[in-house]
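First up is the structure itself, then whatever we jot down about it.
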Amino acid sequence: MPVTALIVLLLVTLLCVPTQAVLLSAGNSTVPPVGSPLSAAAYEKMGMALMAEENWSRLIATTDAGLALYPDDPELYCLKGYALRKTGHYAEAADNVSHAIPLDPRPVRYANRGYALLALGHYDDALKDANAALSLNGSYPPALGIRSFALLHTGNLTGALQAVDAARLLDPENPLYWHLKGKVLAASGNCSGAADAFRQSIAINPDYTLPWPEFGNATTDLENLNTPCTPPSLMTA
């Protein structure tokens with residue numbers, strides 16, 4: 001057996017790292033050189049690359065391997081939570097990010113958990129996470145989006161519209177906030193405004209990555225608008 005292959009085999013055996021996580025690509029700069037120890041930062045880099053590829057199963061496997069060695073690494077918990085949310089495992093996603101927040105309470109952590117809580121229908125808890133993120137950064141668009149969605153589902157349509165408009169002004173080319181504005185306007189009975197917002201979301205990117213699978217698609221929500229305005233399904237989870 002060639003020496004290089006033997007070293008890789010030993011790494012996989014001793015570290016319990018899935019082979020595919022170690023051998024992402026011979027030319028991938030995020031993978032440490034063969035034979036060098038895998039640091040927490042190396043697992044984080046591999047995780048970020050897999051997140052960009054939307055390879056959720058490998059991301060979960062990689063973060064599991066990293067957390068087995070570095071159980072106090074908040075980034076690995078959040079990366080795993082992100083992948084779990086994208087695959088519909090919302091309670092597990094929230095639990096993983098809950099491990100990260102005390103270790104490193106940044107706005108992105110609260111937003112990551114907030115989306116999972118929204119998907120679970122835990123709107124009051126999601127609103128708490130949004131407010132916690134905004135207390136750290138009052139101009140953080142994801143937290144404003146989560147606040148908007150939580151307020152929408154707790155019946156505060158005025159507050160929901162204010163929050164999503166604030167997010168949209170900070171990040172006007174993000175299709176999510178236009179899509180969410182359409183949901184708020186539809187729930188308010190403003191069909192024409194909702195349709196315009198959905199169209200703007202579609203014009204920016206009809207295939208944008210949803211915060212969770214059941215969030216809904218702007219194209220479908222536009223098609224489901226009726227007159228008089230019947231709000232599209234806000235969520236099915």
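The values are calculated or read from the model by the stated rules, or taken from the named source; none is laboratory data. These numbers were taken from a predicted model, which means no experiment stands behind them. A quick note on method: Cβ atoms are made from the backbone with ideal geometry, for glycine too, and the neighbour counts reach across all protein chains shown. These area figures cover heavy atoms from the full protein model, side chains too; ligands, DNA and RNA do not enter into them. Shrake-Rupley method; radii C 1.70, N 1.55, O 1.52, S 1.80 Å.
Taking every residue in segment 148-172 that is closer than 14 Å to GLY138 by Cα and pairing it with any residue that is open to solvent by 10 Å² or more (accessible area, probe 1.4 Å) and basic (Lys, Arg), at least 6 positions away or on another chain, the pairs with Cβ-Cβ distances below 6 Å are ALA163/ARG147; VAL164/LYS181.
Taken as a whole, the structure places PRO102 among residues that are out of contact with any Cys (no Cβ under 9 Å at 6 or more places or on another chain), assigned to a helix (DSSP H, G or I) and open to solvent by 30 Å² or more (accessible area, probe 1.4 Å). For segment 172-230, a tally of residues being outside any helix (DSSP H, G or I), closer than 15 Å to SER148 by Cα and open to solvent by less than 20 Å² (accessible area, probe 1.4 Å) returns 1.
Looking only at segment 115-144, residues that are touching a residue at least 40 places away in the same chain (Cβ under 8 Å) and open to solvent by less than 10 Å² (accessible area, probe 1.4 Å) come to 3 in all.
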